[in-house]
1. Among Ser79, Asn213, Leu774, whose Cα sits farthest toward the positive end of the charge dipole of the chain (+1 at Cβ of Lys/Arg, -1 at Cβ of Asp/Glu, about the Cα centre)?
2. What is the ratio of the Cα radius of gyration of the range 371-425 to 2.2 N^0.38 Å, where N is its residue count, to two decimals?
3. Going toward the positive end of the dipole of the chain, with +1 on Lys and Arg Cβ and -1 on Asp and Glu Cβ, which of Gly340, Phe442, Leu870 do you reach last?
4. For the range 284-364, what class follows from the C-alpha gyration tensor (a ≥ b ≥ c being the square roots of its eigenvalues): rounded when a/c is under 1.5, otherwise prolate if a/b is larger than b/c, else oblate?
5. Give me, ordered by chain and number, the residues 5 or more places off Lys557 or on other chains with an amide H under 5 Å from its own placed amide H.
6. Heavy-atom accessible area of Ile399 with all protein chains present, probe 1.4 Å, nearest 10 Å²?
7. At 7 Å along the Cα-to-beta-carbon direction for both Trp167 and His145, put a label point, then send me their distance in nm to one decimal.
8. In vacuo Debye scattering of the range 805-901, one point per C-alpha: log10 I(q)/I(0) at q = 0.18, 0.20, 0.25 Å⁻¹?
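The values are calculated or read from the model by the stated rules, or taken from the named source; none is laboratory data. Bear in mind that the values here come from a model prediction, so they are computed numbers and not experimental data. Neighbour counts run over all protein chains shown; Cβ positions are idealised from the backbone, glycine included. All accessible areas refer to the heavy atoms of the entire protein, side chains included, with ligands and DNA or RNA removed. Shrake-Rupley method; radii C 1.70, N 1.55, O 1.52, S 1.80 Å.
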Amino acid sequence: MVVHLDSNLFTVGVICLVFLIGKFVRAYHENSKLSKIPTVGPDGILTSYITLFKWISQGTDLIEEGYRQNRGRIFKVPSIDGWYVVAAGAKLVEDIRKASEDELSSREGTCEVVHGYYTMYPDTVLDPYHAEVIRTKLTRDVGIHFDDLHEEIEDIVSKEIPLTEDWTEIHAWPKIMSIVAHTSNRFFVGLPLSRNSDFRKVNIDFAESLFRNAIILLLFPKFLHPIVGRIFTGRRVAMRQIKKYLKPIIEERLRMKEQFGEDWADKPNDLIQWLMDAEELAPLSKRTSVEDLCARMLTVNLASINTTSLILSTLLQLAAHTEFADPLRNEVESVVKRAGWTKDALDQMRMLDSFVKESTRLQPSGPMLPFRKAMKDFTFSDGTTVPAGNLVTTAAWSILRDEELYPNGNEFKPFRFSELREKEEESMKHQLVTINPEWMVFGQGKHACPGRFFASTEIKAILAHVVLHYDVKLPNDSKETPAILKKQLHTGPSLEATVMFRKRSTLDLSYISVRAQRTDVTNPNCRIFSITLFKWISQGTDLIEEGYRQNRGRIFKVPSIDGWFVVAAGTKLVEDIRKASEDELSSREGTCEVIRGYYTMYADTVLDPYHAEVIRTKLTGDVGIHFDDLHEEIEDIVSKEIPLTEDWTEIRAWPKIMSIVAHTSNRFFVGLPLSRNSDFRQVNIDFTASVFRNAIILLLFLKFLLPIVGRIFTGRRVAMRRIKKFLRPIIEERLRMKEQFGEDWADKPNDLIQWLMDAEEFAPLSKRTSVEDLCARVLVSNFGSINSTSLILSTLLQLAAHTEFADPLRNEVESVVKREGWTKDALDQMRMLDSFVKESARLQPSVLPFRKAMKDFTFSDGTTVPAGNLVTTAAWSILRDEELYPNRNEFKPFRFSELREKEEESMKHQLVTVNSEWMVFGQGKHACPGRFFASTEIKAILAHVVLHYDVKLPNDSKETPATFKKQIHTGPSLEATVLCRQRRSG
């Protein structure tokens, strides 16, 4: 055994020695061929490794040193396996530009730098026909379909960067990557896949893995690449993931082509289709291969996501130099007013183009750009010969800061290029996309980036949107951009940088006048004049509290932009509202006026809300029967949105809860599999958010302006267009089944869509068979359902703040489930959980019931409200009235369960029971029709959370985040984060 081991060691030693001798001989030979080219640092076979180690951590400094010493000449710097030959002058860069692919290969050079044969897909490297498709078809189509690009930007930016009133600190890099992946894929794969966050993540993960692994592989000599290249690659995982999304799409298109030929109705117009149709560029075997097409989509996304560094550079400069925001805004607003949102309009924004180019000049994506590989010995115009096999590049970092080319080269001069374009007769030279020996960010010559025109349009469209809608700055009001990333061949903006965002503050409200009282409400002691209107906009809840203290038990009023809100400040007066008929105090008209429903929603669903009666009867009746479906959905979605991790994970609760509720509710609304489609859920979430957002905006406008501004501030047209793509085929198929088989057929669905279609007693046939009408009612029903998420959020925040109550709740849930199983009846027996939700909602109520006086209405105290005025209750104050709720500002989670034990009749204190002291779900006949379903859903979700998670607030805080208060809207903080982990006990 000893002899055998010794012989093995001897053999290994001999192999190593032979290898080292071979390396030494090869290095000596290579060194002698390059000996006439100046070197940065020592250039001996062994001493050059001193510079190599410096290169790994200080590559940019080495290029700067080489440029200072050799400006206008060629120099070289060492790599792990040879040398980079660097052109340090514009004339030499021009030599590279003119060289053919057979002399200096762009493909082989780029591939060697990113180790493309290991990190990418060989076929996309050896035959990049997708590049020609992008150069021609995508470049031509971006102007024609600019509306699609703009629509995607409007859809995604506010999701990734919320429009908040206060400054919000955001890690910019991942947000920008998501925005770019979202907008680019509208052209690459089309709707709805472009909006699928999981699909975007596949592409982002692949792009990140490529750059990460390329950096790692640059540390290994070439002979090890076949081994380590198999380890440090993300391509296999990416291919497996992306095929799940693209394989069905590609196979369906191949089937359509086989059935209908080259053209068919609604043939997609996106990059996948362009690649499949590119007969002149690729053989049929590639254009029909799922794997090949998937590889090209990943590669194209990689290139697109790579442009995010330009956006990040620009954003950081804008945040550091806030004084340039107004000039940019003025330009964007002026051009858009004149030319609309078009590609041509962006091309006219010279200052914006210059701002992006100057930002990129100071933070290019590498110290050396671009790369070429000498396929044969290549001689520069100065006589320098580069032997075949070496990498050739330019000293991009240094050229872009050269004082002779760019005066004050280290200074940020945002309008440097727009000023040059004004001075010179030919302005094309200084555009972002124009390549020349002084500007190599997008490459050089025939092999310049084929997608740079699309990228430039996308970058500027995103930044124009940001400039118009946001204020930005750096944390601590810093004026210094974060330190530049410098690593080997890579430079650029800091990927860890954070930026402060808020909604643009320069909103002109000068048209709002302070007016005298114009509508009298009988009772002269309750006057609150319109001078408080401005206070109402920002401090509405405080005004209601003030009015309630002064007028408890009576009626008072507060001003709106166009009249008055008449407020009932006592339970007897609330009872008057409850008893009033729809002809006296209209719930429908009141709610509609508050949310500007004729503009934010759909007129027919407001004028004839028959879906409400379907929900009140059929949905309420079926929730117990089909509780298993609800529970199945909760188990499916909660752990996806809130991972069960061992360690504490901080999540922003509001979007997670919205997604969970949309998922579970739609099991009843549209059924499987659509209820689990994240894009379908997003349509409904976006519509709900748009209703509230636009309602708040429209409440600032006088009524006579609403027919104009209501067409602007509405999301209903976009929502209808999006949801019809999902629901039209379903509705038309059901109509066909009914026509063929009558009222009943095998496997007839049992969901809200079908209940609406079958509701003969509530609606005429024309509505029950209208795709548009049914789509509108599904959107409005989702709006009502998603609106209930505020109750879950309030409860979750209280549970996170008061962790001592988790065990009593768990004990109750476990005890009941053990006895009854997971059923609606079981939930109804969880009195402590019901009380916890109700007490949370009491302290953080949301929008509460409004009625509109359809005729003069007189309260029981003799106060008369003239027709046309809005009537409501001082809900916030009633729910904190000390006589009704002792220790009113204190969170007492089991307040109501204790009351239910004391009293013979326990129904009064249930979450769903409406009365004059509890108006969270409305009042009387017009109380929320879906409150029984909502209560069941809310408690089922929270019971699941209680059993499976520990929750707490960040920093172990015991104070719930500040309540959201805006005009007539209150509720839990939508920005609040919660720490979650897998339950440790039990």
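1. After comparing all options, I get Ser79.
2. On the way: Rg = 16.8 Å, N = 55, 2.2 N^0.38 = 10.1 Å.
Computed over Cα atoms of the range 371-425, the ratio equals 1.67.
3. Phe442
4. Values: a/c = 4.08, a/b = 1.86, b/c = 2.19.
The shape class here is oblate.
5. Distant-sequence amide H within range of Lys557: Ile528, Val567.
6. The value for Ile399 is about 0 Å².
7. 4.1 nm
8. One equal scatterer on each Cα of the range 805-901 leads to -0.89, -0.98, -1.21.
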